[in-house]
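Q: Below: one structure in structure tokens.
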Amino acid sequence: MSLRKILHFDFHPQTQGHLRQVILHPLICGCRLLRFLNQDDVKKQRLSLRNLAMGLPDRIAGVYLREIENLGAFPLDADPVFPYPYVDREPIAVESGFDRKRWLPYVVHKGRSFFGAKDQRPEEVAQSYRYYVEDEGLLGTGRRVKSPHAYVDEDFKVEEGDVVVDVGCSDALFAFDNADVAGKIYLFESWKKWRPALEASFEPFHEKTHILSRLVSDKTNKREIRLADALRDPDTSHYFIKMDIEGGERAVLASSADFLRRHKVKLSCCVYHRQDDAEVISGMLKELGFALRYSDGYMLPPLGDIAFPYFRHGVVHARNF
């Protein structure tokens with residue numbers, strides 16, 4: 001595929017902007033990348049993808065060749081952050097409604113009501129739910145070819161009796177999806193608008209659910225709490241920790257080192273919020289004795305945050321036992 005075809009393919013407009021910046025950026029990994037000043041120059045150049053990756057380290061070049069080629073295969077309405085086509089374009093059927101007793105909107109997930117916040121309409125909750133499940137593939141069963149934001153997959157998932165810890169849970173769809181098999185559930189969400197929804201959704205599991213309206217960080221005070229201070233289960237417990245806290249993952253992991261060494265842990269941790277999260281967080285986990293791999297595929301950050309490495313891993317799946 002030529003560079004001209006790459007730039008002029010029928011991409012989603014925002015993805016086209018992403019890709020143009022990736023290709024035209026003058027510096028990548030200390031090497032000067034071929035760039036073009038205007039469309040006339042682009043039309044004169046018919047470079048192959050392999051030429052495009054010229055001068056890049058092998059491990060980076062392979063990623064660019066594969067991922068840029070992927071970008072030419074999806075429809076105009078594709079999500080520019082998760083640049084992969086749908087396996088099946090038919091949307092899932094979502095049952096939604098409004099609970100007048102609780103005064104909360106909801107969708108039905110696994111036969112139970114899963115509640116949204118009071119400031120949401122039922123159709124907004126349904127739209128968000130469909131996006132989480134289909135586009136982001138958070139639950140490991142997305143309908144895109146790849147799901148870089150998946151917290152679990154067939155070989156890495158919550159198992160019977162695991163203590164599920166949902167750090168930065170928002171509406172806690174991940175924990176709710178695994179509530180039946182979890183031995184205990186901890187929900188951490190500092191935004192108090194979610195508290196009524198969490199209490200309603202997890203009412204069937206109230207005996208094993210702990211909801212903490214505090215920010216998980218590297219310190220403990222009235223607003224914040226360290227992970228090790230919140231989790232006081234027996235040392236024999238098996239934890240499944242999902243962490244998605246908008247760039248705060250490094251600080252929490254650093255302050256939880258002793259806890260992570262002492263317990264058996266499976267960790268699903270987002271590594272796309274910062275430019276070098278994947279490298280830094282993976283290094284931290286390896287030092288703590290974790291074996292790890294990444295979720296399938298890559299994400300493209302929003303335009304305002306685009307910088308090398310442009311394609312970012314989404315989630316690292318790690319375990320220490």
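Q: Being buried (at least 17 other Cβ atoms within 10 Å of the Cβ) and either of a type in the set (D, E, K, R) or closer than 16 Å to Lys242 by Cβ (or both): is that true of Val181 here?
A: The answer is no for Val181.
Q: Please state which one of Val133, Val107 is among the hydrophobic types (A, V, I, L, M, F, W, C), closer than 21 Å to Ser268 by Cβ and either outside the structural domain of Lys192 (by TED's automatic domain parsing) or in contact with a Leu (Cβ under 8 Å, 6 or more places away or on another chain) (or both).
A: It is Val133.
Q: Counting only residues that are surrounded by 21 or more Cβ atoms within 10 Å (Cβ to Cβ) and of a type outside the set (Ser, Thr, Tyr), which one in the range 143-155 is modelled with the lowest pLDDT?
A: Only one residue fits best here, namely Arg144.
Q: Going by the structure shown, is Lys118 surrounded by fewer than 19 Cβ atoms within 10 Å (Cβ to Cβ), touching a residue at least 40 places away in the same chain (Cβ under 8 Å) and farther than 19 Å from Arg319 by Cβ? If you could, list the steps in order and put the result at the bottom.
A: Details: surrounded by fewer than 19 Cβ atoms within 10 Å (Cβ to Cβ): yes; touching a residue at least 40 places away in the same chain (Cβ under 8 Å): yes; farther than 19 Å from Arg319 by Cβ: yes.
Judged against the criteria, Lys118 is a match.
Q: Look through Gly140, Gly97 and report the one residue that is modelled with pLDDT of 95 or more and either assigned to a strand (DSSP E or B) or closer than 21 Å to Tyr272 by Cβ (or both).
A: Just a single option satisfies the conditions, and that option is Gly97.
Q: Taking Leu292 as the residue in question, decide whether it is touching a residue at least 60 places away in the same chain (Cβ under 8 Å), closer than 12 Å to Asn320 by Cβ, in the same structural domain as Val216 (by TED's automatic domain parsing) and of a type in the set (A, V, I, L, M). So that I can check it myself, show each step before the final result.
A: Working: touching a residue at least 60 places away in the same chain (Cβ under 8 Å): no; closer than 12 Å to Asn320 by Cβ: yes; in the same structural domain as Val216 (by TED's automatic domain parsing): yes; of a type in the set (A, V, I, L, M): yes.
So Leu292 does not fit the description; no.
Q: On to the next question. For the range 289-305, state whether one or more residues are among the hydrophobic types (A, V, I, L, M, F, W, C), at pLDDT 95 or above and not in a loop (DSSP other than H, G, I, E, B).
A: Yes, the range 289-305 contains a residue that is among the hydrophobic types (A, V, I, L, M, F, W, C), at pLDDT 95 or above and not in a loop (DSSP other than H, G, I, E, B).
Q: Take the residues in the range 189-247 that are of a type in the set (S, T, N, Q) and under 24 Å from the mean Cα position of the chain (by Cα); name whichever of them is farthest from Asp171 (Cα to Cα).
A: Selected residue: Ser217.
Q: Among the listed residues Ile185, Ile225, identify the single one that is of a type outside the set (Phe, Trp, Tyr) and under 23 Å from Asn320 (Cα atoms).
A: Just a single option satisfies the conditions, and that option is Ile185.
Q: So is Lys192 touching a Leu at 6+ places or on another chain (Cβ under 8 Å), over 20 Å from Val164 (Cα atoms) and of a type outside the set (A, V, I, L, M, F, W, C) or not?
A: Values: touching a Leu at 6+ places or on another chain (Cβ under 8 Å): no; over 20 Å from Val164 (Cα atoms): yes; of a type outside the set (A, V, I, L, M, F, W, C): yes.
No, not satisfied.
Q: So for the range 144-154 (the condition being in contact (Cβ under 8 Å) with a residue 12 or more places away in the chain, touching a Phe, Trp or Tyr at 6+ places or on another chain (Cβ under 7 Å), hydrophobic (A, V, I, L, M, F, W, C) and under 21 Å from Ala126 (Cα atoms)), does at least one residue qualify?
A: Checked the range 144-154: no residue is in contact (Cβ under 8 Å) with a residue 12 or more places away in the chain, touching a Phe, Trp or Tyr at 6+ places or on another chain (Cβ under 7 Å), hydrophobic (A, V, I, L, M, F, W, C) and under 21 Å from Ala126 (Cα atoms).
Q: Can you say whether Glu199 is in contact with a His (Cβ under 7 Å, 6 or more places away or on another chain), charged (D, E, K, R) and either touching a residue at least 12 places away in the same chain (Cβ under 8 Å) or part of a loop (DSSP other than H, G, I, E, B) (or both), as far as the supplied structure shows?
A: In short, no.
Q: Between Ile225, Ile281, Ile245, which is of a type in the set (Val, Ile, Thr) and in a helix (DSSP H, G or I)?
A: Just one listed residue meets the conditions, Ile281.
Q: Which count do you get for residues in the range 101-136 that are assigned to a helix (DSSP H, G or I) and charged (D, E, K, R)?
A: Just the residues of the range 101-136 that are assigned to a helix (DSSP H, G or I), to begin with: 122-135.
Okay, now just the ones that are also charged (D, E, K, R), so 123-124, 130, 134-135.
Summing the residues that are assigned to a helix (DSSP H, G or I) and charged (D, E, K, R) in the range 101-136 gives 5.
The values are calculated or read from the model by the stated rules, or taken from the named source; none is laboratory data. Being a predicted model, the structure only gives us computed values, none of them experimental. Cβ coordinates were reconstructed from backbone atoms using ideal geometry, including for glycine residues, and neighbour counts include every protein chain displayed.
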